[in-house]
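Before any comments, here is the structure.
The values are calculated or read from the model by the stated rules, or taken from the named source; none is laboratory data. Everything numeric in this text was worked out from a predicted model, so none of it was measured. As a convention, Cβ positions derive from the backbone with ideal geometry for all residues, glycine included, and neighbour counts pool all protein chains shown.
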Amino acid sequence: MKVVLEKVFPLAASPDSAWQLLQDIETVAGCMPGAKITECVDATHYKGTITVRLGPAKMSFKGDIEVLNLDAAARSLHLVGKGTDATGSSAASTGRRGNVRTDRQERSDHERQSRRARQPADGSCGGPDAQAVRGQLCGAAPGVPGAANGNRRFRERARIRRAASRRCPAFRVERSCAGVGCHARVAARDFFPQVRLSSGAAMVTDRMNDVVSLQQQLERRGFIAERSFAATLLLTMEMRRPLLLEGEAGVGKTEVAKALARLLDTRLIRLQCYEGLDAHSALYEWNYQHQLLAIKLLEKDERSILDKEQDIFSERYLLKRPLLEAITTTPAPVLLIDEIDRTDEAFEAYLLELLSDFQMSIPELGVIRATERPFVILTSNGTREISDALRRRCLYQYIDYPSFEKELLIVRTQIPEVPEKLARQMVEFVQSVRQMDLQKKPGLAETLDWVAALLRLGVSVIDTDGVEQIMDSLSALVKTREDQAGLTRPVVEKLVAAC
């Protein structure tokens, strides 16, 4: 989708002053709603970010800005910007042309145009760009443009200006220009972001297209996600809110973080939780051995005690554990806090500051704030209730055991060499085993292990003749003594017959 908009609005400043502003690329970029320059590479190349709104949709992009033309003689500017969003599924481009013109030039152009075509004049004024640029040149003082004299064309133009001034107040300063009164005007031609999916199809305001695109990209990276879960993951990436995943062990919660790291081509930092995990093991620790050695070396140092202390308690002697490493790493990593339900509520309290403000307090150093917000995934097997304070800081998704169709697709994706018929029989067998009264139902990991085990045992089809081989491979499917004892030969024969 492409939108082209041309604006012309008066400025209470001389042409030279207006052109001086127009040459300031960072100021011009700041006049674009949602845009910001973050780095100046050279005189014509910049890096920046921009937030785009299309109806109810909102997307954030980062990319490059290039100045294609900066003509001082014509007082004209042409720049373009291109970038992609965090997922890489969408791209945007924006172009901007601007030039400074005096009233004399406007009248001359208008007279030439009116001689070629006699039609009512058309014009526009206002919008956030007009207010921003005008504020840079003439402040917030309002006023009324003077009336234009002359033929009907100029009266029509005066009427348009008066109507525009009521929407966007501006005042006019007359100055002498070879005996003719004139004031500066800026004509801006804006090419609003052209947003498209990576496949090249035009994006509509309905963000479901992005959800489908994310599903496809995850599938290409070996992760199968339902539409609702893909939508939740898309919100997690765009809002940078932590995502809490709950479900039984083995349903693929940890794989979400791994797939997200592959999708974003970024680092995965994992904090494996356990009972008794304390803040120092998860946040940071001081390297006491090196500090003691430094104290010994500083005994003959003539600096003050305060200077020595600041040197000893510096980042040089700080051991970054997963949480501190995640907020100080660039580009933004994926932080996996795995099995958060194994910790106690005291540890959850340490996480609240990190998950709400993405900052960490270290008494010796002060507050460490995130360089870039990491993508945070928390998993829970439901062994204890997670506190409400932690839940409020997260998006939430429950992951259940997969349906037959989803599990079959996962098996075919992860183990493509398995025959189609055997894959269907294996998935039907596992789905039937999950219906039994077991202490630990087999998850996706067990399904994939069992499929690999049967292939290595040379099984090409599940039938009554291969019951012995299936009995030999159950160690990959059921993982407790009681559950293996419940899968007797008659039970297995019955399950095989149903496949």
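Just a few scattered comments:
- Residues located in the range 24-59, provided they are polar (S, T, N, Q) and either at pLDDT below 75 or not assigned by TED's automatic domain parsing to the domain that holds residue 79 (or both): 27, 51
- For the range 262-279, the set of residues classified as in contact with a Leu (Cβ under 9 Å, 6 or more places away or on another chain), part of a helix (DSSP H, G or I) and surrounded by fewer than 21 Cβ atoms within 10 Å (Cβ to Cβ) consists of 262, 279, listed by residue number.
- Within the range 405-462, the residues that satisfy the criterion of being of a type in the set (Val, Ile, Thr) and closer than 16 Å to residue 477 by Cβ are 410, 411, 415, 418, 427, 430, 433, 447, 451, 459, 462.
- Where a residue in the range 324-343 is under 17 Å from residue 251 (Cβ atoms) and its partner, wherever it lies, is among the polar types (S, T, N, Q) and assigned to a helix (DSSP H, G or I), with Cβ under 9 Å and at least six apart: 336/254; 338/254; 339/254
- Looking only at the range 445-470, and only at residues there that are over 45 Å from the mean Cα position of the chain (by Cα) and among the polar types (S, T, N, Q), the one that is farthest from residue 248 (Cα to Cα): 464
- Selection within the range 444-467 - aliphatic (A, V, I, L, M), at pLDDT 90 or above and within 16 Å of residue 421 (Cα to Cα): 448, 451, 452, 454, 455
- Within the range 286-321, tally of residues that are assigned to a helix (DSSP H, G or I) and either in the same structural domain as residue 354 (by TED's automatic domain parsing) or out of contact with any Lys or Arg (no Cβ under 7 Å at 6 or more places or on another chain) (or both): 23
- Scanning the range 473-490 for residues that are part of a helix (DSSP H, G or I) and surrounded by 13 or more Cβ atoms within 10 Å (Cβ to Cβ) turns up 473, 474, 476, 483, 484, 486.
- Complete set of residues in the range 239-261 that are among the aliphatic types (A, V, I, L, M) and either touching a Cys at 6+ places or on another chain (Cβ under 9 Å) or assigned to a helix (DSSP H, G or I) (or both): 239, 243, 244, 256, 257, 259, 260, 261
- Residue among 107, 101, 112 that alone is more than 25 Å from residue 260 (Cα to Cα), surrounded by fewer than 14 Cβ atoms within 10 Å (Cβ to Cβ) and at pLDDT below 75: 112
- Residue match in the range 396-404 (condition: out of contact with any Pro (no Cβ under 7 Å at 6 or more places or on another chain), without any contact (Cβ under 8 Å) to a residue 24 or more places away in the chain and hydroxyl-bearing (Ser, Thr, Tyr)): yes
- Condition met for residue 371 (among the polar types (S, T, N, Q) and crowded, with 16+ Cβ neighbours inside 10 Å): no
- Within the range 327-334, not a single residue is farther than 16 Å from residue 268 by Cβ, assigned by TED's automatic domain parsing to the domain that holds residue 239 and surrounded by fewer than 17 Cβ atoms within 10 Å (Cβ to Cβ).
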